[in-house]
Amino acid sequence: MAFSDLVISAGMQRSGSTLLFNILKQLFGLRSPTTITAGYIRDYAQLGAADLFIIKTHTLPVLLRLRARQIFYTYRDVRTAMVSQNRKFGGKPDLGFVSYCINQYLIAKRYGTLLIKYEDLIEDPLIWIERIAGCLKMQVDAGWVWEHVNNTEIPKSGDGYSKETLFHPNHATGTTDGEWRAVLEQNLQNEICDRFGWWLDECNYPRT
């Protein structure tokens, strides 16, 4: 082929985009003899040549989305995502993070191949693996794919992330749905509801 294909594993921070990345790698790995290289967007220049690139990103700039053959995007209750993000990487919750995440969601909604709600993905991963495979015009054993993804080893220590899976040490923070009610200041909760209540409604998340 004249140009390598590009598939994007995108998503809101802490919304399962790394899990999605590994699902895509497993699915495309079933396509022989396609050669695959995959990684985080900031490592793009260091990735080797291949027939297919799978790139993980949290941002969808215009040149990237125009170049991509398919864009898969995960999202989550942005308040839960923010609590998990701050717990993992530090920082203070603020409205800017929420605005950024929802802006990227809207871009993905317009240009994406498939939007995947994190809570639904975790509840029934096999259905979503089948839907992703359907977008790729593949018939797969979703149970087999999930078993291999679910058994992916996550680093237990270190400062960086696995170049193979993109998982950080202690990647999951254990943040639960609704925990934001006790963590976020009430003023911030009110601001999010006032400015982005329409998004919470659209995605079937409670306003309060």
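The values are calculated or read from the model by the stated rules, or taken from the named source; none is laboratory data. All values reported here derive from a predicted model rather than from experimental measurement. Note that each Cβ is placed from the backbone with ideal geometry, even for glycine, and that neighbours are counted across all protein chains shown.
Name the pairs whose Cβ atoms lie under 7 Å apart, with the first residue in the stretch 169-184 and on the phi < 0 side of the Ramachandran plot and assigned to a helix (DSSP H, G or I), the second modelled with pLDDT of 65 or more and among the charged types (D, E, K, R), and 6 or more positions between them or separate chains?
Qualifying pairs under 7 Å: 180/79.
Checking residue 93 against (1) of a type outside the set (A, V, I, L, M); (2) buried (at least 16 other Cβ atoms within 10 Å of the Cβ); (3) in contact with a Phe, Trp or Tyr (Cβ under 8 Å, 6 or more places away or on another chain), only one condition comes out false. Which one?
Of (1) of a type outside the set (A, V, I, L, M); (2) buried (at least 16 other Cβ atoms within 10 Å of the Cβ); (3) in contact with a Phe, Trp or Tyr (Cβ under 8 Å, 6 or more places away or on another chain), only one is false for residue 93: (3).
Which condition from (1) modelled with pLDDT under 95; (2) over 15 Å from the mean Cα position of the chain (by Cα); (3) closer than 20 Å to residue 26 by Cβ is the one that residue 165 breaks?
(2)
Among the strands (runs of 3 or more DSSP E) lying completely within the stretch 1-106, list those that include at least 1 residues that are at pLDDT below 95, more than 30 Å from residue 177 (Cβ to Cβ) and among the polar types (S, T, N, Q). Outline the logic, then answer.
Numbers: elements: 5-11, 36-40, 52-57, 70-75.
Answer list for the stretch 1-106: 36-40.
Pairs only if they're at least six apart or on different chains, beta carbon under 9 angstrom, first in the stretch 134-152 and farther than 16 Å from residue 18 by Cα, second surrounded by fewer than 16 Cβ atoms within 10 Å (Cβ to Cβ) and modelled with pLDDT under 95; list them, first residue then second.
136/31; 138/30; 138/31; 140/30
Which ones in the stretch 101-126 are crowded, with 16+ Cβ neighbours inside 10 Å and under 19 Å from residue 140 (Cα atoms)?
Correct list: 113, 114, 116, 121, 125.
Residue by residue through the stretch 28-65, note down the ones that are exposed (fewer than 15 other Cβ atoms within 10 Å of the Cβ) and among the basic types (Lys, Arg).
Answer for the stretch 28-65, where residues must be exposed (fewer than 15 other Cβ atoms within 10 Å of the Cβ) and among the basic types (Lys, Arg): 31, 42.
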